[in-house]
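**Q** Sharing a structure below in structure tokens format, with a few things to ask.
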Amino acid sequence: SQTIHQWPATLVQPVGSPLSLECTVEGTSNPNLYWYRQAAGRGLQLLFYSVGIGQISSEVPQNLSASRPQDRQFILSSKKLLLSDSGFYLCAWTPGGTGGSYEQYFGPGTRLTVT
Amino acid sequence: DAKTTQPPSMDCAEGRAANLPCNHSTISGNEYVYWYRQIHSQGPQYIIHGLKNNETNEMASLIITEDRKSSTLILPHATLRDTAVYYCIVTGSGTYKYIFGTGTRLKVLA
């Protein structure tokens, strides 16, 4: 069966510090991968998605970036965190191939607090 | 922007059916309606999806109107554990994007 992992589970970082969040999927090949952010009390905001190694689509221009160095690994990064980057970061995957026809599976999330 | 509109909150008595509406008046012919729910501090969980026909699984039923411009998620016998935010999203086979709105916060009352 497929599983999705995210780490760390919680993170407290000062403003201006770098960020690296990691997501890995097991039990499937060539998944589509997604990063979402959820501010406190708000809905999910799609940040990035990837349909293959090295292929990243950005949905919201900001100081975050994403990379996919391996088939089942998705990394969210920032060089300098802002207070507004605080939130709940969720990674998700769907089976590869044509999008939109499959349900998404979400990881447990990383709660980031920027101080 | 999300292609769906949902009421921000609803209450339901425990043991009664919870009917959660969703408006998707601009849905295209190849787009599916998906429902997810998010319990506090967890990742969203897939519930059900449909294209044209009504669907039922062990968690819920999905009723899609004939013109496909709206749908209703039905939890037949709501329990306290069904208290969550419920998201309705629309996405098609030609896109990889899943755009979530703000959802409906369902509170099941004892």
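The values are calculated or read from the model by the stated rules, or taken from the named source; none is laboratory data. Since this is a predicted model, take the numbers as computed values, not measurements. Heads up, the Cβs are rebuilt from the backbone with ideal geometry, glycines too, and the neighbour counts pull from every protein chain shown.
**Q** Among the residues of segment B:97-107, write down those that are touching a Gly at 6+ places or on another chain (Cβ under 9 Å) and surrounded by fewer than 17 Cβ atoms within 10 Å (Cβ to Cβ).
**A** B:K97, B:T102
Conditions tested, residue by residue: (1) modelled with pLDDT of 95 or more; (2) surrounded by 19 or more Cβ atoms within 10 Å (Cβ to Cβ).
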position: A:Q62; (1), (2): no, no
position: A:S67; (1), (2): yes, no
position: A:F88; (1), (2): yes, yes
position: A:T94; (1), (2): no, yes
position: A:G99; (1), (2): no, yes
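**Q** Go through segment A:1-114 and tell me which strands (runs of 3 or more DSSP E), entirely inside it, have 3 or more residues that are at the interface with chain B (Cβ under 9 Å from one of its Cβ atoms).
**A** Strands (runs of 3 or more DSSP E) meeting the threshold: A:32-38, A:45-52, A:87-94.
**Q** Give the residues of segment B:37-58 that are within 24 Å of A:P108 (Cα to Cα) and touching a Phe, Trp or Tyr at 6+ places or on another chain (Cβ under 9 Å), sorted by residue number.
**A** Answer for segment B:37-58, where residues must be within 24 Å of A:P108 (Cα to Cα) and touching a Phe, Trp or Tyr at 6+ places or on another chain (Cβ under 9 Å): B:R37, B:Q38, B:S41, B:Q42, B:G43, B:P44, B:Q45, B:Y46, B:I47, B:I48, B:H49.
**Q** Another one. Given the options B:I48, B:I27, B:I64, name the one that is crowded, with 19+ Cβ neighbours inside 10 Å, touching a Gly at 6+ places or on another chain (Cβ under 7 Å) and among the aliphatic types (A, V, I, L, M).
**A** So the residue among B:I48, B:I27, B:I64 that is crowded, with 19+ Cβ neighbours inside 10 Å, touching a Gly at 6+ places or on another chain (Cβ under 7 Å) and among the aliphatic types (A, V, I, L, M) is B:I64.
**Q** Follow-up question, since we're still on this one. Taking B:I89, is it farther than 27 Å from A:G107 by Cα, within 14 Å of chain A (Cβ to nearest Cβ) and touching a residue at least 60 places away in the same chain (Cβ under 8 Å)?
**A** Answer is no for this residue.
**Q** Answer yes or no: is there a residue in segment B:73-84 that is under 22 Å from A:R37 (Cα atoms), within 12 Å of another protein chain (Cβ to nearest Cβ) and assigned to a loop (DSSP other than H, G, I, E, B).
**A** Checking segment B:73-84: not a single residue is under 22 Å from A:R37 (Cα atoms), within 12 Å of another protein chain (Cβ to nearest Cβ) and assigned to a loop (DSSP other than H, G, I, E, B).
**Q** Any chance you could count how many residues in segment B:34-54 are more than 26 Å from A:Y89 (Cβ to Cβ) and more than 10 Å from chain A (Cβ to nearest Cβ)?
**A** Qualifying residue count for the region: 4.
**Q** Then there is this: Does segment B:91-98 contain any residue that is under 12 Å from the mean Cα position of the chain (by Cα) and not hydroxyl-bearing (S, T, Y)?
**A** no
**Q** Another question about this same structure. Can you find a residue that is farther than 20 Å from A:Q45 by Cα, touching a Cys at 6+ places or on another chain (Cβ under 9 Å) and either of a type in the set (S, T, Y) or at pLDDT below 95 (or both) anywhere in segment B:49-70?
**A** So far as segment B:49-70 goes, yes, one or more of its residues are farther than 20 Å from A:Q45 by Cα, touching a Cys at 6+ places or on another chain (Cβ under 9 Å) and either of a type in the set (S, T, Y) or at pLDDT below 95 (or both).
**Q** Still on this structure: Could you tell me which residue of segment A:17-60 is nearest to A:T3 (Cα to Cα), considering only residues that are among the β-branched types (V, I, T) and crowded, with 16+ Cβ neighbours inside 10 Å?
**A** Just the residues of segment A:17-60 that are among the β-branched types (V, I, T), to begin with: A:24-25, A:28, A:51, A:53, A:56, A:60.
Restricting the remaining residues to those that are crowded, with 16+ Cβ neighbours inside 10 Å gives A:24-25, A:28, A:51, A:56.
Details: A:T24: 8, A:V25: 6, A:T28: 9, A:V51: 18, A:I56: 22 Å.
This residue is A:V25.
**Q** Would you confirm, using the coordinates I've provided, whether A:L112 is at pLDDT 95 or above and more than 20 Å from B:I47 (Cα to Cα)?
**A** Here the answer is yes, as A:L112 does meet what is asked.
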